[in-house]
Amino acid sequence: MFDDTPLLANPWTWFAVGYLLGAIPFGLIVTRLAGMGDIRRLGSGNIGTTNVLRTGGKSLAALTLLLDAGKGALAVWLGQTFAHGGDILGGMGAFIGHLFPVWLLFRGGKGVATMLGIALAIHPPAGLVFAAVWLLVAAVTRYSSLAGLMAVTLTPLAPALAGRWDATLLFAGMAVLVIAKHDENIARLRAGTEGKIGGRTSTPDPNG
């Protein structure tokens, strides 16, 4: 179908496009437009939804979540529209772009929201598992980090049960990176010093 457009038919094109989409630091952009300055100088210094919630409030956090998840879903949709295997590589690119954006010297977010969008786009049941686990753990414990860690860990089971091994491997790899990004959160969870959902701060804080 795309013989006359080999660049579009190449799934690695959509990895590159996905990376550029994923590298858009929406948390930073949203908070700057709201007049908060540089989110990296507030709270935990992270550009993700949890730090935006803690420093900027629910509306800005919800917008950041929507945009970070949306860029992952868009990368998947574009890839699957134009190239066989483009969905997997597009999602992979968006995820890596979010974690390691070139514009921010490769210091990006932790990937939870972006992985949610990618999961919903590639294998909707996996996205639903992700959302359900996150909401349940967050409601019970009020730890956003623990909710994210549990969600990413269990998400690969959904495509595995459906025989979608490409998605299973992708989500498992993402889970490893998310867990690695949360090493400080894990240490604080073990020590009982991790910040809970609902805590609010505008000054540098190691939690987040």
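Output the number of the condition that Ala113 fails; it satisfies all remaining conditions of (1) out of contact with any Leu (no Cβ under 9 Å at 6 or more places or on another chain); (2) at pLDDT 95 or above.
Among (1) out of contact with any Leu (no Cβ under 9 Å at 6 or more places or on another chain); (2) at pLDDT 95 or above, the lone unmet condition for Ala113 is (1).
Filter segment 25-43 down to the residues that are open to solvent by 30 Å² or more (accessible area, probe 1.4 Å) and either within 18 Å of Phe100 (Cβ to Cβ) or not in a loop (DSSP other than H, G, I, E, B) (or both) and list them by number.
Those that are open to solvent by 30 Å² or more (accessible area, probe 1.4 Å) and either within 18 Å of Phe100 (Cβ to Cβ) or not in a loop (DSSP other than H, G, I, E, B) (or both): Phe26, Ile29, Arg32, Leu33, Arg40, Arg41.
Given the structure, is Thr114 open to solvent by 10 Å² or more (accessible area, probe 1.4 Å) and hydroxyl-bearing (Ser, Thr, Tyr)?
Details: open to solvent by 10 Å² or more (accessible area, probe 1.4 Å): no; hydroxyl-bearing (Ser, Thr, Tyr): yes.
Judged against the criteria, Thr114 is not a match.
Could you tell me whether Val140 is surrounded by 14 or more Cβ atoms within 10 Å (Cβ to Cβ) and either of a type outside the set (Ser, Thr, Tyr) or at pLDDT below 95 (or both)? So that I can check it myself, show each step before the final result.
Working: surrounded by 14 or more Cβ atoms within 10 Å (Cβ to Cβ): no; either of a type outside the set (Ser, Thr, Tyr) or at pLDDT below 95 (or both): yes.
Criteria not met by Val140.
Applying the selection to segment 52-96, what residues are closer than 18 Å to Lys110 by Cβ and over 18 Å from the mean Cα position of the chain (by Cα)?
Thr55, Gly56, listed by residue number.
Results for (1) closer than 16 Å to Lys110 by Cα; (2) in contact with a Ser or Thr (Cβ under 7 Å, 6 or more places away or on another chain); (3) not charged (D, E, K, R), shown as yes or no for each residue.
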| position | (1), (2), (3) |
| --- | --- |
| Gly163 | no, no, yes |
| Asp166 | no, no, no |
| Phe171 | yes, yes, yes |
| Ile179 | yes, no, yes |
| Asn185 | yes, yes, yes |
| Arg190 | no, no, no |
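Check segment 186-197 and report whether any residue there is more than 16 Å from Asn51 (Cβ to Cβ), within 14 Å of the chain's Cα centre (by Cα) and assigned to a helix (DSSP H, G or I). Spell out how you get there, then give the answer.
Looking only at segment 186-197, we keep the residues that are more than 16 Å from Asn51 (Cβ to Cβ), and these are 186-187, 189-193.
Next cut, within 14 Å of the chain's Cα centre (by Cα) only: none.
No, segment 186-197 has no match at all.
Residues in segment 159-181: is at least one modelled with pLDDT of 95 or more, of a type in the set (Phe, Trp, Tyr) and open to solvent by 40 Å² or more (accessible area, probe 1.4 Å)?
Yes: segment 159-181 contains one or more residues that are modelled with pLDDT of 95 or more, of a type in the set (Phe, Trp, Tyr) and open to solvent by 40 Å² or more (accessible area, probe 1.4 Å).
Only one of Ile24, Ile47 is under 13 Å from the mean Cα position of the chain (by Cα) and modelled with pLDDT under 95; which?
Just a single option satisfies the conditions, and that option is Ile47.
The values are calculated or read from the model by the stated rules, or taken from the named source; none is laboratory data. The shown structure was predicted, so the numbers you read here are calculated from the model rather than taken from an experiment. Neighbour counts are summed over all protein chains in view; Cβ atoms, including those assigned to glycine, are modelled from backbone coordinates with ideal geometry. These area figures cover heavy atoms from the full protein model, side chains too; ligands, DNA and RNA do not enter into them. Shrake-Rupley method; radii C 1.70, N 1.55, O 1.52, S 1.80 Å.
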